[in-house]
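Here is the structure we will look at.
The values are calculated or read from the model by the stated rules, or taken from the named source; none is laboratory data. Predicted model only: the values in this text are computed from it and were never measured. Note that we place each Cβ from the backbone using ideal geometry, even for glycine, and neighbour counts take in every protein chain shown. These accessible areas exclude ligands, DNA and RNA; they are computed on the full protein's heavy atoms, side chains included. Shrake-Rupley method; radii C 1.70, N 1.55, O 1.52, S 1.80 Å.
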Amino acid sequence: MKKNHDLNKLLAAMESYIPDYIIERGLEYYENGLVENVNIDGQWVHATVLGNYGDYNVKVHMADFSKSRCSCPYEDYCKHMAAVVYQLTREYAGEQGYSEPAGGPGRYKPDETESVAEPSAKQPDDDLDQRLKSMGREDLLGAIKQLMETDPSSREKIRLILVEHERTADLHSDRVCRMGLYSSLKYHQQQFSAILKECESLFTEIDMNDEDSDDDWGYGNEYAEDAWNFTMGLERLHRYGRELLKLVTSEHYISGTVGLLVAVKGLEEWIDKYDDEYSGSELVDGCSEFENYLWEALAIVGQCQLHDPQAQTFLRELIDWVVHQCKQLDDLLAWTAVLTHCVPERRYLWHLKERIMQLDRDFLRSDRLQDERARRALVYWWVQLCLSLNQEEEAKQTACILGETLQADNSLAYCFVRYYERREEWQEAVRTLQNILNANSRVNPQEYQWIIHLCQQSGDKQGVKEWHEKWFLSHPDLDLFKRNAALHKDDDDKEARIQKWIDAMRRKREYALAIGMHLYLDDIDKAWAEFIRHKDRIEIDEPLLLKLFKKMKKHEPARLIPLYRDLALINISRRGRRAYAKAARWMKDLREVCSLSGKSEEWAAFHGQVMTEYRRFRSLMEEIRAAGIGQP
């Protein structure tokens with residue numbers, strides 16, 4: 001494998017042949033260390049995977065995954081193949097001739113270096129363009145007239161194209177570019193209502209009751225509703241947005257920015273009006289994306305105000321106009337996103353606060369807020385805005401409106417953690433996040449990762465150890481145990497600490513994990529004792545148990561004889577072809593461990609007993625012969 005994208009292709013091929021839920025099981029097998037004896041021979045990867053009832057030989061073809069094979073009884077592409085692919089992508093990435101897929105092992109992401117087929121030298125559309133360009137004015141008008149006569153629906157399309165061209169030309173006229181705030185507001189409010197009507201005229205209805213449509217479910221289409229295709233209308237809307245953004249330059253920025261503001265607020269009302277009628281998430285998403293044009297425009301103005309007094313005046317006037325649209329404090333909620341982008345520096349923050357206090361002199365402590373949820377949302381917004389401008393004291397005073405301490409509201413406290421993290425004030429970040437997590441009864445893995453990262457940045461090695469331990473005890477996992485064991489490997493109390501962790505796993509009934517911990521410590525006797533003590537409470541096909549059985553086979557195979565014998569009899573008693581197949585595989589393993597421990601006579605006696613007592617069980621006899629143990 002010489003190209004960087006080969007492993008990407010292997011992952012993509014695996015995902016196309018194996019269902020997600022089976023891939024997840026394969027990943028679990030890999031993470032539990034059940035892939036062994038990996039050998040790469042040309043395009044083939046050979047490996048052994050510890051399966052439910054023995055070791056399976058797996059062959060994965062790196063160039064053509066369809067050729068991959070596994071010796072397990074599963075007839076399709078299986079979890080053992082997936083485990084081998086993960087072993088390859090993780091363990092061999094970075095070696096000569098290999099590279100790890102972008103983003104690490106997981107879902108396939110196309111490699112930007114992969115070659116793309118070049119288009120042919122001359123396309124039919126290119127030829128048409130040349131012919132149109134070569135036509136004279138009268139011939140071109142004649143062709144357009146003929147098109148409208150033969151296809152009446154094209155008349156409206158051509159009209160809309162001409163209207164769009166005229167409007168774009170007017171937008172870029174010197175008259176519009178030089179408009180101030182209030183003349184821009186008036187102009188764009190008139191224009192945008194017409195724009196929306198043009199967009200609506202381009203929406204097309206899709207008839208879901210088409211008799212020729214496929215019925216995948218077999219229930220017919222009697223309940224199907226009409227749907228809408230918004231693509232052409234949204235393309236028209238975004239062309240308008242891009243033209244407005246072109247107006248925002250260091251020389252002229254007011255008209256374009258105001259036009260985008262008018263459009264964004266107009267779209268909010270438009271969505272509310274038409275969402276029930278059209279019921280299309282595509283419409284909502286397409287309109288939401290329009291906001292990005294406004295944010296980009298305000299960012300340009302934010303750069304201009306650094307050296308342009310007119311831009312400074314424009315931002316203050318824009319803030320004044322927005323606050324003036326609010327009749328009461330609650331109305332600010334509809335404008336917080338816009339106002340945030342109108343405040344690039346702290347001087348605009350104080351200007352905004354002054355204007356809001358003219359609306360309500362008590363600001364966020366006002367008792368005239370209609371809903372306490374509105375107060376919470378406004379406090380959260382103001383705290384974030386203050387912290388983005390490094391106004392920590394103002395943010396703290398605002399946060400206390402909702403409680404005496406930061407920890408009274410976790411979402412606010414997290415804002416301060418991110419603020420300290422951005423400023424690289426690591427100790428403050430650690431202290432603040434620790435207070436949050438210590439007050440919470442449940443902490444998720446992402447929060448543990450966060451606090452550990454902050455401790456590492458602050459140089460708090462003890463904190464790294466403590467939070468790793470808390471993470472493991474809250475979310476038990478073998479990988480986390482390994483991390484904890486590595487962190488404490490030089491500690492004097494290492495043995496006592498590990499025993500405490502194992503005891504904790506027993507209390508949590510994580511018996512398989514406790515066995516895995518003993519195996520990781522290479523203490524097979526304790527692992528076996530743990531299994532014997534709790535075997536009735538553990539699923540026998542747990543991957544860690546398979547690892548235990550494999551190690552015990554080499555360490556002291558005689559201990560497996562009674563276990564394998566019982567498992568064979570249990571599955572025979574369950575009846576059915578699937579259970580008989582499992583029984584035969586346990587019998588095959590029993591023969592092996594009897595041979596390894598020098599007790600072949602026990603195998604012969606048990607085999608004879610089964611063949612005698614169950615000789616009339618034809619399906620069982622067939623499975624025994626298929627397993628190659630028809631004879632003792």
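For region 556-631, what percent of Cα pairs sit more than 19 Å apart? Percentage above 19 Å: 25. For region 7-94, with all protein chains in place and a probe radius of 1.4 Å, 41% of the accessible heavy-atom surface sits on carbon or sulfur.
Once both labels are positioned 7 Å from their Cα atoms along Cα-to-Cβ, the gap between Glu495 and Arg423 label points is 4.9 nm.
Spin-label pair Leu389-Glu269: with each label point 7 Å from Cα along the Cα-Cβ axis, the two points sit 2.9 nm from one another. Ranked by the mean number of other Cβ atoms within 10 Å of their residues, highest first, the peptides 329-335, 491-497 come out as 329-335, 491-497.
Set the Förster distance to 41 Å, then compute FRET efficiency between Gln370 and Ala486 from the Cβ-Cβ distance, nearest 0.05. Efficiency at R0 = 41 Å is approximately 0.15. With R₀ set to 25 Å, the beta-carbon distance separating Val284 from Ser173 gives a calculated FRET efficiency near 0.15. What FRET efficiency comes out for the pair Lys145/Thr336, r = Cβ-Cβ distance, R0 = 51 Å, nearest 0.05? The value I calculate is 0.45.
When the pairs Lys465/Lys551; Lys353/Lys396; Lys489/Lys535; Lys67/Lys550; Lys500/Lys526; Lys482/Lys554 are compared against a 19 Å limit on Cα-Cα distance, Lys465/Lys551; Lys489/Lys535; Lys67/Lys550; Lys482/Lys554 fall above it. Working note: 222 nm ellipticity from helices only, DSSP H runs with n ≥ 4, each -39,500 (n - 2.57), summed and divided by the residues of the chain, gives -20000 deg cm²/dmol to the nearest 500. By the compact-protein rule of thumb, 2.2 N^0.38 Å, the alpha-carbon radius of gyration of the chain corresponds to a ratio of 1.37. Computed on protein heavy atoms with a 1.4 Å probe, the accessible areas place Asp64, Asp285 in the order Asp285, Asp64, largest first. Remark: spin-label model distance Leu132-His252 equals 2.8 nm, labels positioned 7 Å along the Cα→Cβ axis. Rolling a 1.4 Å probe over the protein heavy atoms gives the chain an accessible area of 55 Å² per residue. Full extension of the segment from Gln397 to Ile540, taken as 0.36 nm per residue of separation minus the current Cα-Cα distance, would add 45.7 nm. Against the compact-protein benchmark of 2.2 N^0.38 Å, the Cα-based radius of gyration of region 7-94 scales to 0.94.
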